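K.L.:
Let me give you the structure first, and then I'll get to my questions.
FYI, it's all coordinate maths here, none of it is from the lab. The structure displayed is predicted, hence computed values, not measured ones. Cβ placement follows ideal geometry from the backbone for every residue including glycine, while neighbour counts extend to all protein chains displayed.
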Amino acid sequence: MELTQIESGEHEQVLRVQDADSGLIGIIAIHSTRLGPAAGGLRMRAYPDEAAALEDALRLSRGMTFKNAAAGLPLGGGKAVIIGDPARDKSPALLSVFGRAVEALGGRYWTAEDMGMTPQDMARIGTETRFVAGLADGAFASGDPSPVTARGIFNAIRTTARHRFGAPELAGMRVAVQGLGHVGLHLCELLHGAGAALTVADIHDAAVQEAQARFGARAVAPDQILTVEAEILAPCAIGAILNAASIPDLRVQAVAGGANNQLATAEDGARLHARGILYAPDFIANGGGIINVATEILRIADRPAWVAEKLEELDATMDRTLTRARQRDVSPNDVAEEIASERLRPDVA
């Protein structure tokens, strides 16, 4: 296993991880340990090249710094990515080597489940490092964070609806959900239970068919979901989908979803605001997952009560963000970063 330092301006540490025997090529990015050890999931994707993987790791790790701060957690921001198709390239040997790389950091970074990973994969990584969360069993095991992530997003959608439409009720409201992975399907279940009318899209036909069968969802092609007419768009797939090209074609009044880094640039928050589309900042909306994982890192004994309390606090932060943004007539994303940055100042304990 080879660990190579990569220079990156605002990040505390970025490592390239390579192992010829297992085929592992990955990146561990630690953005900040100001509030505590960096925490953030491990993502495995068939990136087109290493530059794309590095860009993803840097953006995601910075997002984790703000997400953990906004959630009021004593954790910093980090993220890891592995280059490869998880259905084809993942192996026990590859995961074990990655675990050794995490262990070599001595607790500066805690890894957990993200796209392309499972609790079982976390268990394999955990055979090589103490600094792993999202395990399926154990004294403080938190398991799959997807249901808690979805609950936080659902809360954010209700709060966004209250600010945009005057009430949090979703009965009869049209919601377009992009991405039907673990989080997206759990979110659809909650939205369906609240009476929302769903339009969905995913690259996997089986997931779309499940949403149609269980929730009566209307299906559209993945390249059409961003132009569907609806009250709310809930992006739950990849990031950077809100950009200069896509925003002019949106036919919704609000965006609130679970994908990380939904805005391609900071200017895209202003573009949404200029169009009168209310944006629920993603790193607040999707904070439920890291709250769930944090119970394992922090060794919280009464996990359900602690998670419930933190989800309420997270929803209050979203409400405060949208309120302040309305009062100042600015993008909620700007306000969200201000609120998170307040916790990250050196003079704040």
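K.L.:
For the range 117-173, compute Rg over Rh where Rg is the Cα radius of gyration and Rh is the Kirkwood radius from the inverse mean 1/r over Cα pairs.
P.N.:
A ratio of 1.27.
K.L.:
About the Cα centre of the range 2-125, what is the dipole size in debye to 20, counting +1 per Lys and Arg Cβ and -1 per Asp and Glu Cβ, all else neutral?
P.N.:
It comes to approximately 420 debye.
K.L.:
Identify which of 200, 307, 330 has the largest mean-square fluctuation in a Gaussian network model of the chain, with springs joining Cα atoms closer than 10 Å.
P.N.:
Among 200, 307, 330, the largest mean-square fluctuation in the Gaussian network model of the chain belongs to 330.
K.L.:
Test of understanding: in a Gaussian network model of the chain with alpha carbons linked when under 10 Å, which of 337, 309, 169 would top the mean-square fluctuation ranking?
P.N.:
Evaluated over the chain, the most mobile residue of the options is 309.
K.L.:
A further question follows. Considering amide H positions built from the backbone, and no H for Pro or chain starts, which residues 5 or more places from residue 174, or on another chain, come under 5 Å of its amide H?
P.N.:
Under 5 Å from the amide H of residue 174 lie the amide H atoms of 197, 231, 232, each far enough along the sequence or on another chain.
K.L.:
Roughly what percent of Cα-Cα pairs across the range 115-209 reach past 22 Å?
P.N.:
Values: 1873 of 4465 pairs.
That fraction is 42 percent.
K.L.:
Let me ask another. Kirkwood Rh, Cα Rg: Rg to Rh for the range 89-248?
P.N.:
Looking at the range 89-248, the ratio lands at 1.05.
K.L.:
Still on this structure, I have one more. If we count every other residue with Cβ under 15 angstrom of residue 56's Cβ, Lys/Arg +1 and Asp/Glu -1, where does the sum land?
P.N.:
Details: positive: 16, 43, 45, 59, 62, 79; negative: 49, 50, 55, 114, 282.
Result for the local shell: +1.
K.L.:
Quick one: angle between helix 303-328 and the longest Cα principal axis of the chain, in degrees between 0 and 90, rounded to 10, please.
P.N.:
50
K.L.:
Against the 2.2 N^0.38 Å scaling, with N counting residues, where does the range 2-125 land? I'd like the Cα-based Rg ratio to two decimal places.
P.N.:
Cα Rg divided by the expected 2.2 N^0.38 Å: 0.96.
K.L.:
Can you list residues whose amide H is under 5 Å from residue 45's amide H, if they're 5+ apart or on another chain and H is modeled 1.01 Å from N?
P.N.:
Under 5 Å from the amide H of residue 45: 82, 84.
K.L.:
Give the dimensionless ratio obtained when the Cα radius of gyration of the range 51-107 is divided by 2.2 N^0.38 Å.
P.N.:
1.33
K.L.:
Would you mind getting me the FRET efficiency between residue 309 and residue 127? Use the beta-carbon distance for r and R0 = 30 Å, nearest 0.05.
P.N.:
Working: r = 33 Å, r/R0 = 1.09.
Once rounded, the FRET efficiency stands at 0.35.
K.L.:
For every other residue with a beta carbon closer than 11 angstrom to the beta carbon of residue 194, add +1 if it is Lys or Arg and -1 if Asp or Glu, then tell me the sum.
P.N.:
That works out to -1.
K.L.:
Still on this structure: Taking the simple approach of a point 7 Å from Cα along Cα-to-Cβ for both residue 218 and residue 341, what is their distance in nm?
P.N.:
4.1
K.L.:
Please express the Cα-Cα pair-distance distribution P(r) of the range 201-250 as a list of whole percents, one per 10 Å bin, running from 0 to the bin with the greatest distance.
P.N.:
22, 55, 21, 2
K.L.:
Could you state the number of Å between the C-alpha centres of the range 44-88 and the range 123-182?
P.N.:
So the separation of the two Cα centres works out to 17 Å.
K.L.:
Taking the Cα centre of the chain as origin, work out the dipole magnitude from +1 charges on Lys and Arg Cβ and -1 charges on Asp and Glu Cβ, in debye rounded to 20. Write down the numbers at each step before the final one.
P.N.:
Details: 33 positive and 44 negative charges, 148 e Å.
Using only the charged Cβ atoms, the result is roughly 720 debye.
K.L.:
With angles folded into 0 to 90 degrees, how steeply does helix 288-297 sit against the dominant principal axis of the chain? Use alpha carbons for both and round to 10.
P.N.:
With both axes taken from Cα atoms, the answer is about 30 degrees.
K.L.:
Let me ask another. Shape verdict for the range 227-337, please, from the Cα gyration tensor: rounded (a/c under 1.5), prolate (a/b greater than b/c) or oblate.
P.N.:
prolate
K.L.:
Also, I was wondering about something else. On a 0 to 90 degree scale, rounded to 10, what angle separates helix 182-193 from the longest Cα axis of the chain?
P.N.:
30
K.L.:
Let me ask something else. Pull up all non-local amide H partners of residue 32: gap of 5 or more, or a different chain, and H-to-H distance under 5 Å with H placed in the peptide plane.
P.N.:
Amide H to amide H, under 5 Å and 5 or more residues apart or across chains, residue 32 pairs with 12, 77.
K.L.:
In the range 252-318, which trypsin sites (Lys or Arg not before Pro) fall in coil by DSSP and have 15 or fewer other Cβ atoms within 10 Å?
P.N.:
In loop regions of the range 252-318 (DSSP not H, G, I, E or B), the sparsely surrounded trypsin sites (Lys or Arg not before Pro) are 275, 299.
K.L.:
With N set to the residue count of the chain, report its C-alpha Rg divided by 2.2 N^0.38 Å to two decimal places. Provide the component values of the computation, followed by the final result.
P.N.:
Working: Rg = 19.2 Å, N = 349, 2.2 N^0.38 = 20.4 Å.
For the chain, the normalised Cα radius of gyration comes out at 0.94.
K.L.:
Under 10 Å, Cα contacts only: if you run a Gaussian network model on the chain, which one of 274, 234, 39 comes out with the highest mean-square fluctuation?
P.N.:
Looking only at 274, 234, 39, the largest GNM fluctuation is found for 274.
K.L.:
Which distance in nm do the two modelled labels at residue 169 and residue 50 give, with both placed 7 Å along the Cα-to-Cβ direction?
P.N.:
Using points 7 Å along Cα→Cβ, the separation is 5.7 nm.
K.L.:
Considering only DSSP states other than H, G, I, E and B, which trypsin sites (Lys or Arg not before Pro) in the range 70-141 qualify as loop sites with at most 11 other Cβ atoms within 10 Å?
P.N.:
On the way: sites: 79, 88, 90, 100, 108, 124, 130; in loops: 88, 90, 108, 130.
Within the range 70-141, the qualifying trypsin sites (Lys or Arg not before Pro) (loop, at most 11 other Cβ atoms within 10 Å) are 88, 130.
K.L.:
Using the Cα centre of the range 274-349 as the reference point, and only Cβ charges (+1 on K/R, -1 on D/E), how large is the resulting charge dipole? Debye, rounded to the nearest 20. Kindly include the intermediate steps, with their values, before the conclusion.
P.N.:
Values: 10 positive and 14 negative charges, 21 e Å.
With Lys and Arg at +1 and Asp and Glu at -1, about 100 debye.
K.L.:
So, one more: In the chain, if the dipole is taken from +1 on Lys/Arg beta carbons and -1 on Asp/Glu beta carbons about the Cα centre, which of 340, 146, 20 is farthest to the positive end?
P.N.:
Going by the charge dipole, the pick is 340.
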